[in-house]
Amino acid sequence: MQENNDYININKQTWNNKVDVHIASDFYDMDGFLKGKSTLNAIELELLGDVKEKKILHLQCHFGQDTMTFSRMGAKATGVDLSDKAIDRAKEINKKLNLDATFVCCDIYDAPNHLNEKFDIVFTSYGTIGWFPNLDKWAKVVSHFLKPGGKFVMADFHPVVWMFDNDFKEIFYNYFNTEEIIEDESGTYADRYAEISAKTITWNHPTSELLNALITNNLELDSFNEFDYSPYNCFNQTEEFEPNKFRVKHLKNKIPMVYSLLATKK
Ligand SMILES: C[S@@+](CC[C@H](N)C(=O)[O-])C[C@H]1O[C@@H](n2cnc3c(N)ncnc32)[C@H](O)[C@@H]1O
């Protein structure tokens, strides 16, 4: 498998371009967040348990809403993201809200060179591993930051979703990690009509690749769950069949849309 060394700079630019649009979007409901709304979903909350007093590392925190939600829940939270613009905004919002989250800007692969701490929980969610070519390298970082007995909690879109074209009409991409996927998208999932266009370089990862990467890096799997809906309305052709549960109208409950997993560091 070829690794394009430019992917970090290309993806970083794209994520930097999205930040202000996302902060202004209904999708991220900044007003609700500033007033105290939690941004975590039942899917991950069920696995996280009580986070009070826990040290949490949030990987790929974007502009930090979930990280700061952890702070509001009484955790000592640290967010990491590649986008310097997202991290700058996260720091501003954290200050405005008088919260004590900390934020670090770096590539996840490189995070052990930027952060010298161990955590009770490592968390990552919704739009994560597709940005990495090599999951063994990613899982090494997850494992590195966990104390023995620490928990890894993850919730993300199911690899089956990434096989389809944007309208879920045909199988367009490979389920397996065969090559980098280079795309020029316009708009963004949080605002389809936003006037931004950007190049992305991503990878599809089958479930076996994810689970084996964790297992071979000292993480013991406690649970793996699949859901026939997304808690976010970020795809085309969807219906909200129950409050805050979205699925593809013509596929109904036939495909998994999200998975969650809990693993413990040995
Ligand atoms: C879809 S967002 C994360 C979703 C998060 N749940 C949210 O909606 O706020 C993906 C994030 O991954 C970050 N990212 C992409 N590649 C990365 C990398 N190599 N290292 C660290 N962060 C990366 C992006 O900057 C972006 O903020």
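Bear in mind these aren't lab numbers, they're just calculated from the coordinates by the rules spelled out. Just so it is clear, the structure is predicted and the values come from calculations on it, not from any experiment. Neighbour counts are summed over all protein chains in view; Cβ atoms, including those assigned to glycine, are modelled from backbone coordinates with ideal geometry.
Annotations for the structure displayed:
- Computed from phi, the 3J(HN,Hα) profile of region 245-262 under the Karplus parametrisation 6.51, -1.76, 1.60 (θ = phi - 60°) reads 10, 10, 8, 6, 3, 7, 9, 6, 9, 6, 10, x, 10, 9, 10, 9, 8, 10 Hz, with x in place of Gly and Pro.
- Per-q log10 I(q)/I(0), the chain, q = 0.14 Å⁻¹ (Debye; single scatterer per alpha-carbon; no solvent): -1.03
- Extension gain, Asp100 back to Glu195 (0.36 nm per residue minus Cα-Cα distance, nm): 30.8 nm
- Loop sites here are chymotrypsin sites (Phe, Trp or Tyr not before Pro) outside DSSP states H, G, I, E and B with no more than 13 other Cβ atoms within 10 Å. The longest part of the chain free of them is 1-171.
- Placing dummy labels 7 Å off each Cα toward the beta-carbon, the span from Asn116 to Phe27 is 3.8 nm.
- Shape category assigned to region 134-212 from the gyration tensor of Cα positions, a/c cut at 1.5: prolate
- Residues whose amide H comes within less than 5 Å of that of Phe103, counting only those at least five positions distant or on another chain, are Gly79 (H built at 1.01 Å from N in the peptide plane).
- 21 Å Cα-Cα reach of Lys252 towards lysines, excluding residues that sit fewer than 8 places from it in its own chain: Lys169
- Using a simple spin-label model with pseudo-atoms 7 Å out from Cα toward Cβ, Ala42 and Leu251 lie 2.2 nm apart.
- Filtered trypsin sites (Lys or Arg not before Pro), region 49-126: DSSP coil and at most 13 other beta carbons within 10 Å: Lys52
- Spin-label pair Gln237/Asp6, simplified geometry with 7 Å Cα→Cβ offset, distance in nm: 3.2
- When each of Lys54/Lys137; Lys54/Lys96; Lys52/Lys147; Lys55/Lys254; Lys140/Lys245 is checked by Cα-Cα distance, pairs over 28 Å: Lys55/Lys254; Lys140/Lys245
- Taking amide hydrogens as placed 1.01 Å from N in the peptide plane, the amide H of Lys76 sits under 5 Å from those of Glu53, Lys54, Lys55, Ile56, each at least 5 positions away in sequence or on another chain.
- For region 172-182, the Karplus equation 6.51 cos²θ - 1.76 cosθ + 1.60, evaluated at θ = phi - 60°, returns couplings of 10, 10, 6, 5, 8, 7, 9, 6, 5, 10, 9 Hz by residue, with Gly and Pro reported as x.
- With contacts taken as Cα pairs under 8 Å and at least 6 residues apart, region 7-265 reaches a relative contact order of 19 percent.
- Length released on extending from Thr207 to Ile182, taking residue separation times 0.36 nm less the Cα-Cα span: 6.9 nm
- Annotation: lysines with alpha-carbon distance below 18 angstrom to Lys18 (same-chain offsets under eight excluded): Lys85, Lys91, Lys199.
- Sequence-distant residues sharing a close amide H with Val258 (under 5 Å, placed H): His158, Phe227, Tyr229
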